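Derivation of every value follows stated rules applied to the coordinates shown; laboratory data play no part. Please read all numbers here as calculations on a predicted model, not as lab measurements. Reconstructed Cβ throughout: ideal geometry from the backbone, glycine too, with neighbour counts over all protein chains shown.
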């Protein structure tokens, strides 16, 4: 059984970005890296392989040639091979549905995958829609925001969490799972592993061979920096604190009876 891990190239999470005067983020000169959620997914896929639940781990990304750096990072972590689906000029407008369609086309042409394990979201757009859309296209069971996953009889046992609590699901057969940061702690990439990664296969596929409609279904209408944080106030005691909170009419705005 093989595992496919879709990954994305994003601005490094330690880099502070600013919106330019044109209303966009210029990534030229900024450090790019593997999306942190995808990095956790790669680590868990490798752990499942090391535990004997899988025989092969493939990492895949959609974009242009400059995305090969994150694929090399995943290969250095221990992935067996990598695939770049070159989307050419369409790269700038790829949305979640377009990526899901490309992944669906790839999986339809390559058999043997029993699990698609990806990050729950990318830190650049925070959409988090690829996993659910791909599961729908494949008609596979899905589990989102996974904090734990283990192989089960003919399937997977996945623990997912959200603001309401946690739930454990049993997915039968091949499945799509999206990883939370709690799923696994990524291993450190060493210099010898980076050297070995250069010898591993990295294949480039032209997106046009899949004959997939990449026209975006979403449109960015505005992008701006968050408002500057205003200075707080000091209160003398608990009574003053309650009075200050009441003045903000917090309970009325949230629909909760005071």
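Mean residue ellipticity, 222 nm, helices only, the chain: the sum of -39500 (n - 2.57) across DSSP H runs of n ≥ 4, divided by residue count and rounded to 500, is -8000 deg cm²/dmol.
Quote the relative contact order of the stretch 18-74 in percent (integer), defining contacts as alpha-carbon pairs under 8 Å separated by 6+ residues.
Values: 22 pairs, mean separation 16.5, N = 57.
It comes to 29 percent, rounded to a whole number.
Gyration tensor analysis over the Cα atoms of the chain returns equivalent ellipsoid semi-axes of 36, 24, 19 Å (largest first, whole Å). Protection proxy ranking of 98-111, 217-230, 200-213, 32-45, by the mean of other Cβ atoms within 10 Å over each peptide's residues and highest first, is 32-45, 98-111, 200-213, 217-230. Applying 0.36 nm per residue to the separation of residue 170 and residue 221 and subtracting their alpha-carbon distance, the gain on full extension is 14.4 nm. Note on residue 108 and residue 50: the model spin-label points, each 7 Å out from Cα along the C-beta direction, lie 3.7 nm apart. The label point for residue 19 and the one for residue 239, both projected 7 Å from the Cα toward the Cβ, are 4.4 nm apart. Fully extending the segment from residue 187 to residue 202, taken as 0.36 nm per residue of separation minus the present Cα-Cα distance, adds 3.3 nm. Report the FRET efficiency, 1/(1 + (r/R0)^6), for residue 157 and residue 127, where r is their Cβ-Cβ distance and R0 is 25 Å, rounded to 0.05. Working from the Cβ atoms, E equals 0.40.
What percent do you get for the relative contact order of the stretch 2-210 when only Cα pairs under 8 Å and 6+ apart count?
Details: 434 pairs, mean separation 54.5, N = 209.
After rounding, I find 26 percent.
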